[in-house]
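The values are calculated or read from the model by the stated rules, or taken from the named source; none is laboratory data. Here the structure is a predicted model, which is why all the values come from computation and not from measurement. Ideal geometry is used to build each Cβ from the backbone, glycine not excepted, and the neighbour counts take in all protein chains shown. Only protein heavy atoms, including side chains, enter the accessible area calculation; ligands, DNA and RNA are left aside. Shrake-Rupley method; radii C 1.70, N 1.55, O 1.52, S 1.80 Å.
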Amino acid sequence: MTDSLRLTPEQCSRKCDPTQFTFKTTAELEPVTQIPGQERAIEAMRFGIGMRSQGYNLYALGAAGIGRHTTIHHYLETIASTQSTPLDWVYVNNFQQPHKPIGIQLPAGQGVVLQQDIQHLIEDLRSAIPTAFEAEEYHNRIAEIEDTFKDRAENAFAELTKEAERHQITLLRTPRGFAFAPLKDGKVLNTQEFHKLPEKEQARLREIIAVLEEQLNTILRQQPQWQREAREKVRELNREVALFAVGHLIDDLRKKYAAHPEVIGYLDNAQENVIENLQQFRGEEDEDASPTVGDHDKPSFRRYEVNVLVDNSKTKGAPILYEDNPLYASLVGRIEHMAQMGALFTDFTLIKSGALHRANGGYLILDAVKLLSQPYSWEGLKRILFAREITIQTLEQLFSLVSTVSLEPEPIPLDIKIILIGDRTLYYLLYAYDPEFAELFKVAADFEDRIEYSEDNNQLYARLIATIAKREELLPIQREAVARVIEHSARMVEDSQQLSTHVLPIADLLREADFFAREAGQQQVRREDIQTAINAQIRRVDRVRDRLYDEIRRGSLLIDTEGEKIAQVNGLSIMDLGNFAFGAPSRITATARLGEGEVVDIERETEMGGPIHSKGVFILSSFLAARYASDKPLSLSASLAFEQNYGGIEGDSASMAELCALLSALAYAPIKQSLAITGSVNQLGQ
């Protein structure tokens, strides 16, 4: 075997010299603008956000707690503040096809203004239209139209009556209609008197009456036409009056929104619809009206309202949105329904925006695990990104689960950058198994979980600690305490040449140290407070370790710590329990005898050892055969076992200890029991 290297205490525990810092407390330091050591991720973000081509969305990969959210938010804020504010989006009624609402874009802040203008217009129309139709001039013109119709009918009957009287015939009005009867000396002849007349006279009268009846029928047939003409004139008058009442109000809005053709088109259609539905503004009963949900919410007036889907009136620059709960409806929007008299009712005013609408023109940050955990959210997001437009469709519509008529809002064009935040494993799984992922998320921003231990990085780390302290409103932290935090950071990353970039546990440590400092009545956080917080963190979770060590002291777990033994060694296992890990000794024993070169791993044979552990045993077997029996068969039969192991074992870090136990058994060489061994060995004995 190769010569071992002796580690000095300084190499086992890195000490940070507080004299390298020129400040006394963190109150003197300027905050950092980004997490130290993330230059690679920042470069990737700069590239991905700068690329405007389709598919250059970002996936921020790295371990949780290393400041991905903070870094991304800060960088996006610096970029977004220099970009233009996106447009507002509103939905209005499609009067020709009400199930297909129309989307209109307006400058930021104008969506709410248009909504208010239309609300004021509705209120003005509800008062102006009834007033116009209650005017005396209107009633006079209605009376004139009615009189014209009556005069036409009366004149026709008067002419017919005169014509009949010239032939000694009169026109009678009976309960069953009109009838002609002959006259004699100004009196109507009855049937008997008529039959007493000469035949020639009867025939003449019958011919005249037949002609008169034909003229009467012509008049009666014309009456419905005259009534239609009268109604048409009334409608024309109503339209004229309505235009007079409505026109100037809508004309004012046309002038205000002259630069927006879509709004002008909507106002034209709204004006035409108002004229066609005057009875609703005049307070007359509308048999076709839907059940009401309030006076101003009658469907007859809701159809003219404006639904503000996206309001950017308070947005400065490009929007930055983090959607914590990426449900399908939360992303793409939803169409709500209202229950009315046992039936569901919906219209364009019940269309609600999703996160994609609100972040359109800017940046949307999503947690990858949460996104993939929600049914259809991932597929819906990909569909929208490929289409580059947001189409609001409910899941019932997508899967044809409902047969009722629903809304089909006009799609909204999409211009957005999506930033997914997730771990590395998920990124590689998506890249391998979802071919569309590589098309849509072409930029990977890989965040470091450690940085090099150096004086420059120590200075940056001190500023990071100062930033956390100011953000959390903690007491100022002394430089000796900062040095202890840096030492603990190196301990966290298990490398004396590295520092951890996991901000979350560092922030937790500072908050807890602040608690102990305040409890002790201190005005600053001292090194002692940091150590107290570290000890308290360990104390809260070290119950299992204490119980294990107690079992060793009581002899329930057989671990020797004194003297020397043959074929027996203490292996050092790492017990990882959440955020706490500790070393625990495990007795490893070996037996050796004459045999055929077989080394039996009892853990593997009983299926209590994992594949990596079994690999380590095979390697040490190969080392023995190559070192001691390179030119002849190895006449050895040996076995290895972890004593009192009831939970299984995995990893190759026990192979060094197992080799020591096996060599001790072969050579009858004792091993010091005061040592615990961990580490792996390769086939060359290194």
Scope the stretch 250-262; condition open to solvent by less than 70 Å² (accessible area, probe 1.4 Å) and touching a residue at least 12 places away in the same chain (Cβ under 8 Å); matching residues: I250, L253, R254, Y257, H260
Test: residue in the stretch 638-657 that is out of contact with any Gly (no Cβ under 6 Å at 6 or more places or on another chain), open to solvent by 30 Å² or more (accessible area, probe 1.4 Å) and more than 30 Å from Q537 (Cβ to Cβ): yes
Where a residue in the stretch 114-133 is over 17 Å from R239 (Cβ atoms) and its partner, wherever it lies, is open to solvent by less than 20 Å² (accessible area, probe 1.4 Å) and of a type in the set (D, E, K, R), with Cβ under 6 Å and at least six apart: none
The one condition in (1) open to solvent by 60 Å² or more (accessible area, probe 1.4 Å); (2) touching a residue at least 60 places away in the same chain (Cβ under 8 Å) that E528 fails to fulfil: (2)
Filter result (more than 48 Å from the chain's Cα centre (by Cα), of a type in the set (S, T, N, Q) and in a helix (DSSP H, G or I)) within the stretch 613-662: S621, S622, S655
Some residue of the stretch 613-620 being hydroxyl-bearing (S, T, Y) and in contact with a Lys or Arg (Cβ under 6 Å, 6 or more places away or on another chain): yes
Test: residue in the stretch 14-30 that is under 19 Å from S454 (Cα atoms) and of a type in the set (G, A, S): no
First in the stretch 537-566 and open to solvent by 60 Å² or more (accessible area, probe 1.4 Å), second anywhere and among the basic types (K, R) and not in a helix (DSSP H, G or I), Cβ under 7 Å, 6 or more apart: L558/R587; E564/K672
A469, sole failed condition from (1) on the phi > 0 side of the Ramachandran plot; (2) open to solvent by less than 50 Å² (accessible area, probe 1.4 Å): (1)
Conditions (1) open to solvent by 30 Å² or more (accessible area, probe 1.4 Å); (2) on the phi > 0 side of the Ramachandran plot; number of the one not met by E598: (2)
Residues satisfying the stated conditions in the stretch 273-282, i.e. open to solvent by 70 Å² or more (accessible area, probe 1.4 Å) and either farther than 14 Å from A245 by Cβ or in contact with a strand residue (DSSP E or B) (Cβ under 9 Å, 6 or more places away or on another chain) (or both): E276
P476 closer than 30 Å to P86 by Cα and touching a residue at least 12 places away in the same chain (Cβ under 8 Å): no
Enumeration of residues in the stretch 413-466 that are open to solvent by less than 80 Å² (accessible area, probe 1.4 Å) and polar (S, T, N, Q): S454, N457, N458, Q459
Positions within the stretch 107-131 being of a type in the set (A, V, I, L, M) and in a helix (DSSP H, G or I), in sequence order: V112, V113, L114, I118, L121, I122, L125, A128, I129
Strands (runs of 3 or more DSSP E) contained in the stretch 325-390 and holding at least 3 residues in contact with a strand residue (DSSP E or B) (Cβ under 9 Å, 6 or more places away or on another chain) and modelled with pLDDT of 90 or more: 363-367
Which listed residue, of G247, G265, is assigned to a helix (DSSP H, G or I), in contact (Cβ under 8 Å) with a residue 12 or more places away in the chain and surrounded by fewer than 17 Cβ atoms within 10 Å (Cβ to Cβ): G247
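For (1) at pLDDT 90 or above; (2) out of contact with any strand residue (DSSP E or B) (no Cβ under 6 Å at 6 or more places or on another chain); (3) of a type outside the set (K, R); (4) not in a helix (DSSP H, G or I), each residue gets a yes or a no:
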site: A466; (1), (2), (3), (4): yes, yes, yes, no
site: E473; (1), (2), (3), (4): yes, yes, yes, yes
site: A481; (1), (2), (3), (4): yes, no, yes, no
site: E487; (1), (2), (3), (4): yes, yes, yes, no
site: D495; (1), (2), (3), (4): no, yes, yes, yes
site: L509; (1), (2), (3), (4): yes, yes, yes, no
Residue selected from the stretch 553-573 under the condition over 56 Å from the mean Cα position of the chain (by Cα) and part of a strand (DSSP E or B), by the criterion nearest to L666 (Cα to Cα): I566
